[in-house]
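Have a look at the structure below, then the notes.
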Amino acid sequence: MDTPGSGDQGEASQPQPQPQPLDWRFAQVFGERAAGEDVQEVDIISAIEFDKSGDHLATGDKGGRVVLFERTDVRDNATRRELERQDVPVTRHPEFRYKTEFQSHEPEFDYLKSLEIEEKINKIKWCQTSNNALSLLSTNDKTIKYWKVQEKKVKRVSVMNLDTSQSLGSSTAIASTSSSKAPLPNGGCSDKFNCLNTNLSFPPGGYPSLRLPVVTSLEASPVARCRRVYAHAHDYHINSISNNSDGETFISADDLRINLWNLEINSQSFNIVDVKPTNMEDLTEVITCAEFHPIHCNTLAYSSSKGSIRLIDLRQSALCDNHSKIFEEHEAPGSRSFFTEIIASISDIKFSRDGRHILSRDYMTLKLWDLNMDSGPVSTFQVHEHLRPKLCDLYENDSIFDKFECCLSGDGLRVATGSYGNIFRVFGCTPGSIEATTLEASRNPMRRQIANPTRPTRTLTSFTRGVRRGGENQGVDANGNSLDFSTKLLHLAWHPTENSIACAAANSLYMYYA
């Protein structure tokens, strides 16, 4: 099988110039908490997603709310490159502002299964824009909702028929007098011959002109409307949703099944992947994430808890039990341990923008796969290798089951993912690149993570459970940086066209640019 670039030996022999490591800087923060401030569970961000243009950003939280942000530093929807070509001054970094928020999901209770369904937003996906309305899908564990957010102008009557300012002087005095008679219900009047309120009495000779009411529009405000609800199609918790490039369909995946939906039809879905065995005791792996190919509408990929990624073609059969390709890395003999399968479970996968590569995140590493090479990953990035000796402690406090997300830059040159201590790492993924930057979700992303006694510990119990029993200090990593397993950066997103990253640290949304 030909490898990329093997067709031109002259170019392959010349070393490709490496892009310079990016200098990341703080841009904005929304919902920054003060020192010692407690974070409410419902305010913790659980999903982040840029739209395709990068002009809008959506976040979801554990309270079932969706918050939308819009970009403010691009005028008249012109791209940054067009503005530079026209010598229009461009701000130093992308700037976003709060646009609106709405309650997407409410807590529910399944009486048949005696199961509480929490309102937490698991995933958000933007849909194609139509009629200047923003469209997106949001899902909790069981129900997917299709939302449209559109600017609505609020109207009111600003000019009334009776304008006392233009009436005669005598009429002003008459209009200022009030009736001593109590009004009757429904606007009735006890005086049969004078049913008008004295405040609205006509002056002698009447008004010089009759003015019709004028309806004026106030400033437009965004209004969110739920257009469709896709429910009752999953027996297990929904872990991912993904829009198709055809703009008409999307998939939703739970632990054992992947369903295909039409955006216009919420009464039925088609089951395209089913890994549920006849006997549940024979279950060995579950689906952890699924995503459509960004270009080919017939191709999608899904990952499993065993660390494999399967590529399926919807043209092969109605039920895609057989994959067209499988990507997995076989473990070295003799390296298997109790934690091998747990840390091999893939928590997130993302296609590159051109659809050539897949990025996957398991507990310890990031892996970049080439769709044309299923023998193994083309690159593997160690995210927090210093935690490997502490897997037992991470298992005891359930941190080993944390699901970290990953993302790729729009140009495909870099990848990013989060870790503990509210840090995230950016790696260069071009051949021969040694770029590996560690950033903290704070106003000073490059600062050292040194233990600070004045910094409040928000979850003392989980922190102390993470301390290794014995004399070794488990709260410090190999670089001497402090570790707090209660603060973790699970969710982040890369701007589709620029080097800008949005990431969530508890209830705070941080944005960085390079």
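The values are calculated or read from the model by the stated rules, or taken from the named source; none is laboratory data. Small disclaimer: the values here were computed from a predicted structure and weren't measured. Glycine gets a Cβ as well: all are built from the backbone with ideal geometry, and neighbour counts include every protein chain shown. Ligands, DNA and RNA are stripped out before the accessible areas are found, and what is left, the full protein with its side chains, is counted by its heavy atoms. Shrake-Rupley method; radii C 1.70, N 1.55, O 1.52, S 1.80 Å.
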If we keep just the residues of segment 223-246 that are more than 19 Å from the chain's Cα centre (by Cα) and more than 23 Å from I117 (Cα to Cα), which is modelled with the lowest pLDDT? V223
Any chance N279 is modelled with pLDDT of 95 or more and of a type in the set (S, T, N, Q): no
May I ask you to verify whether G206 is open to solvent by less than 30 Å² (accessible area, probe 1.4 Å), in a loop (DSSP other than H, G, I, E, B) and at pLDDT 90 or above? no
Looking at segment 31-58, which of the residues that are loosely packed, with under 15 Cβ neighbours inside 10 Å and charged (D, E, K, R) is modelled with the highest pLDDT? E41
All conditions in (1) without any contact (Cβ under 8 Å) to a residue 24 or more places away in the chain; (2) open to solvent by 50 Å² or more (accessible area, probe 1.4 Å); (3) over 27 Å from the mean Cα position of the chain (by Cα) are true of T340 except (2)
Within segment 96-131, restricting to residues that are in a strand (DSSP E or B) and farther than 25 Å from M511 by Cβ, the one that is most open to solvent (accessible area, probe 1.4 Å) is E116
Result of the Cβ filter at 7 Å on segment 298-309, keeping first residues that are farther than 15 Å from D362 by Cβ and partners that are in a loop (DSSP other than H, G, I, E, B), at least 6 apart or interchain, is N298/L314; N298/R315; T299/H293; L300/H293
Within segment 353-367, can you find the residues that are crowded, with 21+ Cβ neighbours inside 10 Å and in contact with a strand residue (DSSP E or B) (Cβ under 7 Å, 6 or more places away or on another chain)? H357, I358, L359, S360, R361, L366, K367
